[in-house]
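Written below as structure tokens is the structure these notes are about.
The values are calculated or read from the model by the stated rules, or taken from the named source; none is laboratory data. Source: prediction; values computed, not measured. Positions of Cβ are generated from backbone atoms using ideal geometry, with glycine treated the same way; all protein chains shown enter the neighbour counts.
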Amino acid sequence: MSAVTAPDRARARIRRLLPTPPPWVAMYHSITDAADDPYQVTVSPVRFARQLHWLGDRGLRGVSVRELLDATAAGRARGLVGLTFDDGYADFLESALPLLRRHGFTATVFVLAGRLGGDNAWDERGPRKPLLTEDDIARIVEAGMEVGSHGLLHTSLVTADDATLAEDTRRSRALLSEITGTATAGYCYPYGDIDARAVRAVREAGYRYGCAISPGALTGAYALPRIHIGERDTPWRLTAKRALHALRRRRPADLPERFRPVGAALS
């Protein structure tokens, strides 16, 4: 058995002093072929399949955020990557789900409880896309996926008044819990907008965690950072994004315009 050297001890001390990196969570939206994608929220099925292969080839497994947090608490999160899909687009069922199941992956789908069966009316410049229905959600849950709340109507919590804030977080959780038959654990902040007031509302509504994008100084289970994944993300870009995840808490310069922080420019 080799002796521990002084450099080894020094590196171990440095690692103990460094903050624990947050879990790696990927943020998807729509999985379909699209000629018009002004907000860069669409990934083609072909590209998505290649991205899942990239994970599998590296011994990584995609899981829901709930599963990722459970594994992290138990010290078993090595090799796990959180997969999330915002907005609850209907194409998740027809395009993403079959590919996820083929790889043995799970994911979290964040849906808008007040727009089920509707469309993405909040995207002013984007093409209209249908959203999941109640029956679709039941099928997703039956397939082993997690369903979380993205609020009621895709309203920024940062600019919402107190009544809207409470309604958005609490009522959306109650509606989805009734549909799925289980307590909704996760909330995803619309547009990624987050502040201490929004975090407090999500926690007080009974959620177990909250997904942001780049939460800045906010940390913890109610301010989980995520990495935006788009059509341009080839293997080398994914490798770079994974390597830099622990160091980036501000919004990267290439983040789509739709996710600009309220009242601020991209950093």
> Taking region 206-216, which residues are in contact (Cβ under 8 Å) with a residue 60 or more places away in the chain and surrounded by fewer than 21 Cβ atoms within 10 Å (Cβ to Cβ)?
Replying inline: Arg208
> Restricting to helices (runs of 4 or more DSSP H) lying wholly in region 1-107: which have 2 or more residues that are out of contact with any Leu (no Cβ under 7 Å at 6 or more places or on another chain), crowded, with 17+ Cβ neighbours inside 10 Å and modelled with pLDDT of 95 or more?
Replying inline: 45-57, 65-73, 97-103
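Every residue, every condition in (1) modelled with pLDDT of 95 or more; (2) surrounded by 14 or more Cβ atoms within 10 Å (Cβ to Cβ); (3) in a loop (DSSP other than H, G, I, E, B), yes or no:
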{"site": "Thr164", "(1), (2), (3)": "yes, yes, no"}
{"site": "Ser177", "(1), (2), (3)": "yes, yes, no"}
{"site": "Ala201", "(1), (2), (3)": "yes, yes, no"}
{"site": "Leu218", "(1), (2), (3)": "no, yes, yes"}
{"site": "His245", "(1), (2), (3)": "no, yes, no"}
> Picking from Asp91, Asp87, Asp123, which residue would you name as being among the acidic types (Asp, Glu) and out of contact with any strand residue (DSSP E or B) (no Cβ under 9 Å at 6 or more places or on another chain)?
Replying inline: Asp123
> With Asp119, Asp136 as the choices, which residue is touching a residue at least 40 places away in the same chain (Cβ under 8 Å) and charged (D, E, K, R)?
Replying inline: Asp136
>> When you scan region 109-128, do you find a residue that is in a strand (DSSP E or B), in contact with a His (Cβ under 8 Å, 6 or more places away or on another chain) and modelled with pLDDT of 95 or more, even just one?
In response: yes
> Out of curiosity, is Gly151 under 24 Å from Arg197 (Cβ atoms) and part of a loop (DSSP other than H, G, I, E, B)?
Replying inline: yes
> Mind checking which residues of region 220-238 are of a type in the set (A, V, I, L, M, F, W, C) and buried (at least 17 other Cβ atoms within 10 Å of the Cβ)?
Replying inline: Ala221, Ala223, Leu224, Ile227, Ile229, Leu238
>> Out of the residues in region 185-197 meeting the condition of being within 13 Å of Leu112 (Cα to Cα) and in contact with a helix residue (DSSP H, G or I) (Cβ under 8 Å, 6 or more places away or on another chain), tell me which one is surrounded by the fewest Cβ atoms within 10 Å (Cβ to Cβ).
In response: Tyr191
> When you scan region 203-216, how many residues do you find that are assigned to a loop (DSSP other than H, G, I, E, B) and either farther than 20 Å from Thr72 by Cβ or touching a strand residue (DSSP E or B) at 6+ places or on another chain (Cβ under 6 Å) (or both)?
Replying inline: 4
